[in-house]
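Below is one structure, written out as structure tokens, with a few remarks after it.
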Amino acid sequence: MKKLLVIASLFTCMESYAQENSLLQQYRNQVIQYNQDIKSAGYAVSMKKEMEHAAKSDFLPQLSGQGNFRYTGHPNELSVTLPEAGSPLEFQGKNMNYGAGLSVAQPIYSGGALQANYNKARKESEISTYEKERITNNVIYDADVYYWNKVAMEELVEVANEYKNSVSRLVEVVRHRTEEKYTDRNDLLMAEVKLNDAMYRLTQAENEAETARLSLNSFSGVSFTDTIPTDSAVIPIRECEIPNLSTEESMASRPELKISYSQVEVQKESARIANAGFLPQLSIGAEGTYSSPGYNFRADMDPNYAVYAKLSIPIFEWGKRKNTRRAGKYKVNMAKENHYKTSDYIRLEIETAYYTYEQAIQKVKLTESSLQKAAQSENLAMDKYKEGNLSIVEVLNAQMYHQEARTNYIQSKLNAQIAKSSLERAIGKNR
């Protein structure tokens, strides 16, 4: 029940969050329009749809035309002597045979191969659609990671800059106290070393922020010189109102599960196609020709026609029919086991995403509380140092604790946003 509440909370948060954060949605749309994997999956959908139409056309009559030309250097000859005739009768074939014709054929019964082939093409078309959904879900998740990582890196630059300014103010205080002989010069040296460290941290944060910005642009196909509008700070995630939602519904929406189930149906249809080769085949057709030599041994071209029905019944194949059927059953069973494996994996992924998302929210609360206390500690330490009641080491430690608390708070917000996107992907609701 607890897991149901967590995922239900996510849906309410997603609805309100989509209204508040349009910048992330704009970036998602930009990535979807640019991403090559999504475009390729779209072409695959179109291709499978065309193959479905092609399989459906096999049910209709097939019209074909043909033409021929043949020159025989020594045609056949026949000489027959009849008692009633005073001289033998002679028949001689023509050197040239040529003509053209049209034929139409209609399958009547093919052992179910045509229907199975059409069903297979239809299922493969559905699989291509689900595959595009799967790729889109993964791409949206990656887009969220790039987006929030860039926002977090820029926020860390602000933290590093404020930490540098805080240490700079401390250096001025220590320098003044050193000049007035209130404190030892060693305090000033320690503060200046910490200032250099703060400047190094700022430079490192700026480098990481620039790398994150370049990655953000590259993933959406935007020029490196352009700036993509984003949030100025990572939005903290907290609980929302909770409606009811079942875990099974979340699993059913996953495209991977739909793909694995459709693969079972594809293997069933493939087995039917293979088995159809051992069943009777019946077709009818008609053809018309206009060729030379014509009937009655005429040298000129004459029209002619033929109507036929063709029945083929396999009798004995040395056990090949039985082996083919067994192989088809094995393939179906393999696809079923893969479906069960996929189902278990998705269930585990959703369970893990539930837990990670819930823990990420709790960490945001903890780091937020620690941040407030660390800020108060730094202010108190600075006041006591000015009064001469605290050592420089304790002040530097208080500043460092405050800086680490701010960093941990940003990191927890980033992890919570990524956990939310991961849960959206796990339940198949990325959009």
* Structure fact -> In segment 195-234, anything open to solvent by 70 Å² or more (accessible area, probe 1.4 Å), farther than 27 Å from ILE38 by Cα and part of a loop (DSSP other than H, G, I, E, B) is listed as SER232
* To do: Examine segment 353-371 for a residue that is in contact with a Leu (Cβ under 6 Å, 6 or more places away or on another chain), among the hydrophobic types (A, V, I, L, M, F, W, C) and buried (at least 17 other Cβ atoms within 10 Å of the Cβ), and state whether such a residue exists.
  => yes
* **Residues that are over 17 Å from LYS373 (Cβ atoms) and not small (Gly, Ala, Ser), drawn from segment 400-421** => GLN411, LYS413, LEU414, ASN415, GLN417, ILE418, LYS420
* Asked: Across segment 42-70, which residue is farthest from ASN137 (Cα to Cα) among those that are free of Cβ contacts under 8 Å to residues at least 12 places away in the same chain and open to solvent by less than 80 Å² (accessible area, probe 1.4 Å)?
  -> SER57
* **Residue among ALA416, ALA335, ALA360 that alone is part of a helix (DSSP H, G or I), at pLDDT 95 or above and of a type in the set (Gly, Ala, Ser)** => ALA335
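The values are calculated or read from the model by the stated rules, or taken from the named source; none is laboratory data. Please read these numbers as outputs of a predicted model, since none were measured by experiment. Cβ coordinates were reconstructed from backbone atoms using ideal geometry, including for glycine residues, and neighbour counts include every protein chain displayed. Side chains are part of the model used for accessible areas, which takes the heavy atoms of the whole protein and leaves out ligands, DNA and RNA. Shrake-Rupley method; radii C 1.70, N 1.55, O 1.52, S 1.80 Å.
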